[in-house]
Amino acid sequence: MSLFWQEIKKIWRPGILTAILVLSGMLYYVQSFDYVERMMNEEYVISFSVLEELFQRCGPAVDRSEWPILQEVIDREKKVFAGYLAENPDAVAAGVTTWEELEAYTKESGDLSLDRWAYRSKTTNCYTVFKLEQFQEWCKTVTDWSKEGWEAWMFGFYPPQWQQRILELEERWAEEGKPLLYALDTSYLELYFAKHLPMTNVLCVILLLSPALVRDRLRRMRSLQWSSRRGRKVLRTQLAAGFASAGVLVAVNTAVYTAIMLSTGVNSFLDCPISGRNWFGWTMGQYILSLIVLAALTGLAAAGLTLFLSCHTGNYAAMLFKAILLHLAVGWWFTVEIMQFSPFGSLRPWGGSDFIFVPPAAVYICVGALLAAGWGLCLWTCVRQRRREL
Amino acid sequence: MTLLGYEWRKLARMPVLWAVLALCAIFNCTQMLEIAPYIDLFNEAGEAASQLGQRVDGDFLTGLRQREQTACRDTLLEAVEGMDNVFETLDIQMLSAYYEKYMDSSPLAQSLMAWKYDMAEERAAHLARTGAAMDLYAGPVTTQVHQFLFGNLLLKVLMESAVLGMLSILYLLGYEDIQHTTHAVCATRTGRKLWWPKVLAGVGAAVGLYAVLAGSALAAFFTVWDFSGIWSASVSSQFNCHTDLLIIRPFMTWADFSVAGYLAAVLLLGGVLVIVLALLAAVAGLLVRNVYLAGLVLMVLCTSGYAVGVALAELGWWELFVVFTFNPVLLLLEVNAWFTEVGMNTFIPWQETVGTVGGLALLSGGTALALRRFRRKDVLV
């Protein structure tokens, strides 16, 4: 059996894999399952079938000529909501039969029970109507940044490059229509692919690779390995096996995460342009792909750093200390900070009110630098080992 | 030098431990930037309390109006002029009904919740009589400062101490394997008994690390935030509240606590909780001979201490959830509301104390059994 496959076998231990499976499963449940469940059951989100219907009738953007279609769908959904109201004895007793009457009743009486039933009982199409009305409001709004108001006040804090981009997008939307994806809360997807996935990648890779090279040091294998025919090149094979294992693990994680999220039905909207203020004018599919690539690169960067630390640690307890620190630094802090840069590229100093502009590619530069650091340290270790005394 | 001393020396010679300890201490200090915006109002409240006392009455208001007019003083004055004895009108049964409705599938959970809130109602009546709600504490920024100190800073200190303590014990238990001396040591009767001092040294180290982290964090905190006028305040001031399931409620403790007394109680219970988690690591380290696997087992146990609780609540398996809320990880996560009714995650008064002491007894017994098993174990396998 070749050395490479022997090293792979040393890395993929059943106990470690079981722990990784259990930990990543629990992490998924605590972090992401709620969002996936909401998308699958269409709770607290707009109905995917309604959004798909609008996509087919109006395309990815809704311009002025398509507003009547939007109004028609809103009126239809309000009629459906009226049906739910008719079945609710409390609504009947309060004399509330339509969407508008519910809003007026809640405002005038201060009684929130019907409102809570509509939004939290998960048995009405309340969120669909709410999101459609919100989208319609947004379509009709033409923001005048020079006028006084909260939005204009916030606009003043944005960097000039961001202000220019906002104006460019608004000009484009005025011509082509506003992106339909505004009605779908894509912050779930951002959180899922830009935070949860890289965290899980980093955690799994660190746990898998931490003991990889520590074991050889503990068992004092170096003299035996260096005296073999392979000699000092053994480390190269070990590192290659480590990176290959990390690649496989990252690929498996990504496949599972992506498959689960796409099974909720969001795959119907991958060709829609995203409605947030983004630099590159991407569709949702392109944006998610870029987030997946970033998450994978972060995982591979963590692999390099873990292998480097593992090579220079003599016992498992010390490696566990370093693994926890590495996960906190890369899996938590780095991922959270990178999320700030995506997709618009901005940084807000702690306690400050002004935004500091960062270039649009900053997130890719940061992840690239981390990857270079991890792999660079491993390369340096290989070179250094060639000259080391036993 | 005793065996304990030798074990501590082994731990002291681990450079990464000191590096992590220093990083944790620095990190804890940087956390204070989070509440920096509240310092001016806090200082105003502290100075007013030093001068006029903590109890907000007519004399206090008169004295406050005579203080130098500043924006902070005006904010403080506006806040205290509207004070009333909130415990007189507090509707505890509303809370009870809310949680009972949440757990309507389990009569056991409902009855325990109802009993807890009946006791809380008696406490509310007592606090109404003593007028604890009329204490200033830190005025309008009380909740922010209190929740930062107990729910952020001390929570992080406890978590760091627990992790460092657990890994220290694992290191000591695996030390002989690292040095390849296990077979020589375990071949003798005295050698087999070495694992008792290892566990004791690990537990002692965990407490020591907790003392260092808590000491450094609190020293830095109280250097910047002057609590000299605030120590005698009741933590049940109406300006202090906490939230559970989006419901804000007053900070109603099961016994009368001043700020100083509450801090001491939390630190003491926190120390015991760190010992509990260190003993958990000892059991894992003794049963799972590979240090790395033992570390993974601990990670799984600690993560499941939270995740399983979330799952049980989501699934509505309230009987199991009641039992599960006594686990040390969930207790640790509730440090911001210890010695109060907490909310959904506790079912009896003083649950954090009962759970911690119970955990200590259980895990001490478990450690003793694990050590006994180790004494007869074949270490060649």
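A compact table of results
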item: Some residue of region A:165-176 being in a loop (DSSP other than H, G, I, E, B) and in contact (Cβ under 8 Å) with a residue 12 or more places away in the chain; result: no
item: Residue within region A:82-98 that is open to solvent by less than 60 Å² (accessible area, probe 1.4 Å) and at pLDDT 90 or above present; result: yes
item: Residue in region B:106-116 that is among the basic types (Lys, Arg), farther than 21 Å from residue B:350 by Cα and touching a helix residue (DSSP H, G or I) at 6+ places or on another chain (Cβ under 9 Å) present; result: no
item: Filtered residue count, region B:311-320, keeping only those that are open to solvent by 50 Å² or more (accessible area, probe 1.4 Å) and aliphatic (A, V, I, L, M); result: 2
item: From the options B:308, B:323, B:283, residue that is open to solvent by 10 Å² or more (accessible area, probe 1.4 Å) and within 14 Å of another protein chain (Cβ to nearest Cβ); result: B:308
item: For residue B:142: the one exception among (1) out of contact with any Phe, Trp or Tyr (no Cβ under 6 Å at 6 or more places or on another chain); (2) crowded, with 18+ Cβ neighbours inside 10 Å; (3) more than 14 Å from chain A (Cβ to nearest Cβ); (4) of a type in the set (S, T, N, Q); result: (1)
item: Hits in region A:25-46 (condition: more than 10 Å from every other protein chain (Cβ to nearest Cβ) and either closer than 19 Å to residue B:293 by Cα or among the hydroxyl-bearing types (Ser, Thr, Tyr) (or both)); result: A:32, A:35, A:44
item: Which numbered condition residue B:270 misses (of (1) within 14 Å of chain A (Cβ to nearest Cβ); (2) buried (at least 18 other Cβ atoms within 10 Å of the Cβ); (3) under 17 Å from the mean Cα position of the chain (by Cα)); result: (1)
item: Elements of type helices (runs of 4 or more DSSP H) in region B:1-73, at least 3 residues being open to solvent by 80 Å² or more (accessible area, probe 1.4 Å) and under 30 Å from residue A:310 (Cα atoms); result: B:3-12, B:15-30
item: Yes/no for residue A:163 being of a type in the set (S, T, N, Q), over 30 Å from residue A:57 (Cα atoms) and in contact with a Phe, Trp or Tyr (Cβ under 9 Å, 6 or more places away or on another chain); result: yes
item: Listing of helices (runs of 4 or more DSSP H) fully contained in region B:85-139 that carry 2 or more residues being within 26 Å of the chain's Cα centre (by Cα) and closer than 16 Å to residue B:342 by Cβ; result: B:92-102, B:107-130
item: Some residue of region B:74-86 being closer than 30 Å to residue B:119 by Cβ and either within 14 Å of another protein chain (Cβ to nearest Cβ) or in contact with a Pro (Cβ under 7 Å, 6 or more places away or on another chain) (or both); result: yes
item: Members of region A:265-310 that are over 16 Å from residue A:182 (Cα atoms) and outside any helix (DSSP H, G or I); result: A:265, A:279, A:280
item: Count of residues meeting criterion [open to solvent by 50 Å² or more (accessible area, probe 1.4 Å), over 25 Å from residue A:58 (Cα atoms) and in contact (Cβ under 8 Å) with a residue 24 or more places away in the chain] in region A:280-309; result: 1
item: Residue A:313 being more than 21 Å from residue A:48 (Cβ to Cβ), outside any helix (DSSP H, G or I) and within 14 Å of chain B (Cβ to nearest Cβ); result: yes
item: Filtered residues of region A:277-327 (kept if under 13 Å from residue A:207 (Cβ atoms), aliphatic (A, V, I, L, M) and in contact with a Pro (Cβ under 8 Å, 6 or more places away or on another chain)); result: A:319
item: Cβ-Cβ under 6 Å pairs, at least 6 apart or on other chains, region B:167-185 side more than 9 Å from chain A (Cβ to nearest Cβ), far side among the hydroxyl-bearing types (Ser, Thr, Tyr); result: B:176/B:182
item: Flag for residue B:255 being over 15 Å from the mean Cα position of the chain (by Cα) and either within 14 Å of chain A (Cβ to nearest Cβ) or among the β-branched types (Val, Ile, Thr) (or both); result: no
item: Condition check for residue B:315: out of contact with any Ser or Thr (no Cβ under 9 Å at 6 or more places or on another chain), more than 27 Å from residue B:258 (Cβ to Cβ) and either among the acidic types (Asp, Glu) or within 12 Å of chain A (Cβ to nearest Cβ) (or both); result: yes
item: Pairs with Cβ under 6 Å, 6+ apart, first in region A:107-124 and over 12 Å from residue A:90 (Cα atoms), second open to solvent by 60 Å² or more (accessible area, probe 1.4 Å); result: A:124/A:84
item: Residue B:260 vs. criteria more than 14 Å from chain A (Cβ to nearest Cβ), of a type in the set (Gly, Ala, Ser) and more than 28 Å from residue B:105 (Cα to Cα); result: yes
item: Residue B:239 being of a type in the set (A, V, I, L, M, F, W, C), touching a helix residue (DSSP H, G or I) at 6+ places or on another chain (Cβ under 6 Å) and either touching a residue at least 40 places away in the same chain (Cβ under 8 Å) or at negative phi (or both); result: yes
item: Odd one out for residue B:303, checked against (1) within 21 Å of residue B:369 (Cβ to Cβ); (2) open to solvent by 40 Å² or more (accessible area, probe 1.4 Å); (3) facing chain A (nearest Cβ under 9 Å); result: (1)
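Condition check ((1) surrounded by 16 or more Cβ atoms within 10 Å (Cβ to Cβ); (2) modelled with pLDDT of 95 or more) across all residues:
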position: A:249; (1), (2): yes, yes
position: A:257; (1), (2): yes, no
position: A:263; (1), (2): no, no
position: A:271; (1), (2): no, no
position: A:274; (1), (2): yes, no
position: A:278; (1), (2): yes, no
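The values are calculated or read from the model by the stated rules, or taken from the named source; none is laboratory data. Predicted model, so just to flag it, every value in this text is computed and none were measured. No Cβ is skipped: glycine too gets one built from the backbone with ideal geometry, and neighbour counts run over all protein chains shown. In case anyone asks, the SASA skips ligands and DNA or RNA and just uses the protein heavy atoms, side chains included. Shrake-Rupley method; radii C 1.70, N 1.55, O 1.52, S 1.80 Å.
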